[in-house]
Amino acid sequence: MNLKILILAGILILAGIGIWFSIQTEKIKPEQPKMKALPNISIESKGEEKPEITLISVYDNYQVNPELKTDWGFATVIKTPKELILFDTGGNSEILLSNMEKLGIDPTSIRKVVISHIHGDHLGGLEGFLERNSNVTVFVPSSFPQSIKSMIIQKGAKFIEISAPRKISDFVYTTGELYGPPEEQSLIIDSKRGLVVITGCAHPGIVNIVRRAKELMKRDKVYLVLGGFHRPPISCVKEFRELGVEKVAPSHCTGDSVREAFRKEYKENFIEYGVGKTIEIR
Ligand SMILES: [Zn+2]
Ligand SMILES: [Zn+2]
């Protein structure tokens, strides 16, 4: 009898210690930082072979292939060994789909669509594209209004909201939402030749975006920066050199004078990007 009481008392004491201990450990848990710290994204291990990729401009106000239609806006297809990703959709789905057709890109072969930001010249082609191919996941900034998210669902597609940086596909990452205004995400590809940064309009500032990409991927160089640079000051050409950017392909909203300044500085490392242009990174 005494033994049973002893065991019971022992159990009660142990349980008490357990509860006390869990309360203490609860108390010493560090508080979540309130500042937006740089999150860690899981990057493929260094030993893995980096992919060869192809970038194809399917929508731009600059023209490379005269058989394609130009229009104010931006859309680029990213071909990786794994899949095809459409980054932005231009302003008009008819132009987008017709350009894709002329370039021999089947819209139904695309599985992922990334929308950089809410402006019509990047988002406008999405609805019509989804009518053609709804078997996709659309990665949208989390700040997008419910009406756009509902439209994606209504068309039969899925969406993933982006706020923090994350992986989109093998060796393809988003910078996460950065504030412009508006909120905008850019893509980072860890290619065979190095980092490739693709921007829609670069409202958060093209230099900030490149800096962010380098920080996230822990690299001191960038192989290529491509997309709309949003009329930065000419001094950004020098800053690109300091950031270790090897090649540039400014288009869409970069502005003619900035584009020419890049052409002058980068010479053979300046890529004339515009609708119909294909860049193979091998
Ligand atoms: Zn914009
Ligand atoms: Zn734009």
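Can you tell me what share of the DSSP beta bridges in region 49-273 is antiparallel? A percent to the nearest 5 is fine.
Working: 22 of 45 bridges.
So the antiparallel bridges amount to about 50 percent of the total.
Per residue of region 182-199, in order, report the coupling 6.51 cos²θ - 1.76 cosθ + 1.60 (Karplus, θ = phi - 60°) as ³J(HN,Hα) in whole Hz, putting x for Gly and Pro.
Per residue, the Karplus-derived 3J(HN,Hα) values read x, 4, 9, 10, 10, 9, 10, 10, 8, 8, 4, 8, x, 6, 10, 10, 10, 10 Hz.
Please compute the per residue accessible area over region 49-273 with all protein chains in place, 1.4 Å probe, rounded to a whole number of Å².
Working: 8840 Å² over 225 residues.
Solvent-accessible surface per residue comes out at 39 Å².
Got a number for carbon plus sulfur as a percent of region 162-204's accessible area, 1.4 Å probe?
Numbers: 490 of 1080 Å².
That share works out to 46 percent.
In nm², what is the average projected area of the convex hull enclosing the Cα atoms of region 50-129? Walk me through the numbers before you get to the answer.
Working: hull surface 20.6 nm².
For region 50-129, the mean projected area of the Cα convex hull comes to 5.2 nm².
Using modelled amide H (1.01 Å from N, peptide plane; none on Pro or chain starts), what sits under 5 Å from the amide H of Val222, excluding residues fewer than 5 places away?
Correct list: Val245, Glu246.
Among Lys247/Lys277; Lys102/Lys158; Lys112/Lys158; Lys221/Lys247; Lys79/Lys167; Lys79/Lys218, which pairs are too far apart, with a Cα-Cα distance over 18 Å? Don't jump to the answer; show the numbers that get you there.
On the way: Lys247/Lys277 15 Å; Lys102/Lys158 27 Å; Lys112/Lys158 10 Å; Lys221/Lys247 11 Å; Lys79/Lys167 16 Å; Lys79/Lys218 24 Å.
Where the Cα-Cα span goes over 18 Å, the pairs concerned are Lys102/Lys158; Lys79/Lys218.
Per 0.36 nm of contour for each residue apart, how much would the distance between Arg219 and Ser109 grow if the chain were fully extended, relative to their Cα-Cα spacing?
Numbers: separation 110, 0.36 × 110 = 39.60 nm, distance 3.22 nm.
Full extension from Arg219 to Ser109 adds 36.4 nm.
Stretched out fully, how many nm does the piece from Arg263 to Glu83 gain, at 0.36 nm a residue minus the Cα gap?
61.6 nm
Order these peptides, 99-111, 199-211, by their mean beta-carbon neighbour count within 10 angstrom, highest first. Please list the in-between numbers first.
Numbers: 99-111: 15.8, 199-211: 23.8.
Highest-to-lowest ranking by the protection proxy: 199-211, 99-111.
Extending each Cα 7 Å along its Cβ direction at Ser134 and Glu67, get the distance between those two points in nm, one decimal.
Taking the simple label geometry, Ser134 and Glu67 are separated by 3.3 nm.
For region 47-88 and region 90-130, compute the distance between their C-alpha centroids and round to whole Å.
Result: 11 Å between the Cα centres.
Across region 250-266, in residue order, what do the Karplus-derived ³J(HN,Hα) couplings come to in whole Hz, using 6.51 cos²θ - 1.76 cosθ + 1.60 with θ = phi - 60° and x for Gly and Pro?
x, 8, 6, 9, 5, x, 4, 5, 5, 4, 5, 5, 5, 4, 5, 6, 8
Of all accessible surface on region 98-156 at a 1.4 Å probe, what whole percent is carbon and sulfur?
Values: 1090 of 2380 Å².
The computed percentage sits at 46.
Per residue of region 270-281, what does 6.51 cos²θ - 1.76 cosθ + 1.60 with θ = phi - 60° give for ³J(HN,Hα)? Whole Hz please, x for Gly and Pro, Karplus curve as stated.
8, 10, 6, 9, x, 4, x, 6, 10, 10, 9, 10
The values are calculated or read from the model by the stated rules, or taken from the named source; none is laboratory data. Being a predicted model, the structure only gives us computed values, none of them experimental. Neighbour counts run over all protein chains shown; Cβ positions are idealised from the backbone, glycine included. For the accessible areas, the whole protein counts, side chains as well, though only heavy atoms, and no ligand, DNA or RNA atoms are used. Shrake-Rupley method; radii C 1.70, N 1.55, O 1.52, S 1.80 Å.
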